[in-house]
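The values are calculated or read from the model by the stated rules, or taken from the named source; none is laboratory data. Keep in mind it's a predicted model, so treat the numbers as computed, not measured. So basically every Cβ, Gly included, is an ideal-geometry build from the backbone, and we count neighbours across all protein chains shown.
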Amino acid sequence: MLKTLRTIAACGRVSETPPDADETLRVSETLHMELWSVLGRALCIRSVDGGSCNACELEIQALNNPVYNIEGLGIRFVASPRHADLLLVTGPVSRHMENALLRTYAAMPDPKLVVAVGDCGCTGGIFGESYASRGRVANVLPVVVAVPGCPPTPTRLLQGILTAITAPRPVLERFPMP
């Protein structure tokens, strides 16, 4: 041990000095400020399965794990559409889910944002439009952002959510900053 300490003392510092902090890399603080300027609070998401195979739901749930940590960015999932700002819809909208989806959308307060997730939600996928399916989400609700992929990665989902809330819209400008 004494030999190792002498070697360290003789060599001196061999590592490089750490760089200074770069303020442009502070994504979470910038995102928090943008969320507060647009909504006045944290972004609340209600997720609805319109008839998917559940692959997109697995990727959406991955957003809550420690790797992506969307809760730390000020974005959270809620159980009630009355508390939601953004509606995340997966899968092609089946005829049985159409009414439930419309009621969920109607229960949301303004401004209402809708994000279609997955190839099925964006285009209808392999199901398309038929007697049992209304097809893509845009056939039922006004979609702001469509996130393609089968299933899309959590990073791509997060990009779609952030794109939806940062897009300039006159509806969002009605709400003054507190």
Which listed residue, of Val137, Val117, is under 13 Å from the mean Cα position of the chain (by Cα) and within 22 Å of Leu58 (Cα to Cα): Val117
Filtered residue count, region 70-113, keeping only those that are free of Cβ contacts under 8 Å to residues at least 40 places away in the same chain and under 11 Å from the mean Cα position of the chain (by Cα): 3
Region 153-164 residues that are within 14 Å of Glu57 (Cα to Cα), paired with ones that are in a helix (DSSP H, G or I) and at pLDDT 85 or above (beta carbon under 7 Å, 6 or more apart): Thr153/Glu59; Pro154/Glu59; Pro154/Ala62; Leu157/Glu59; Leu157/Ile60
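Tell me which strands (runs of 3 or more DSSP E) are completely within region 113-153 and hold 2 or more residues being surrounded by fewer than 23 Cβ atoms within 10 Å (Cβ to Cβ), or say none if there are none. Before the answer, list the steps.
Values: elements: 113-117, 133-135, 145-147.
Where strands (runs of 3 or more DSSP E) fall fully within region 113-153 and carry at least 2 residues being surrounded by fewer than 23 Cβ atoms within 10 Å (Cβ to Cβ), they are 133-135, 145-147.
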Leading residue by the ranking (surrounded by the most Cβ atoms within 10 Å (Cβ to Cβ)) among those in region 28-59 that are at pLDDT 80 or above, more than 22 Å from Pro109 (Cβ to Cβ) and of a type outside the set (Asp, Glu): Cys56
Those residues of region 74-112 which are surrounded by 13 or more Cβ atoms within 10 Å (Cβ to Cβ) and part of a helix (DSSP H, G or I), in sequence order: Pro81, His83, Met97, Glu98, Ala100, Leu101, Leu102, Thr104, Tyr105, Ala107
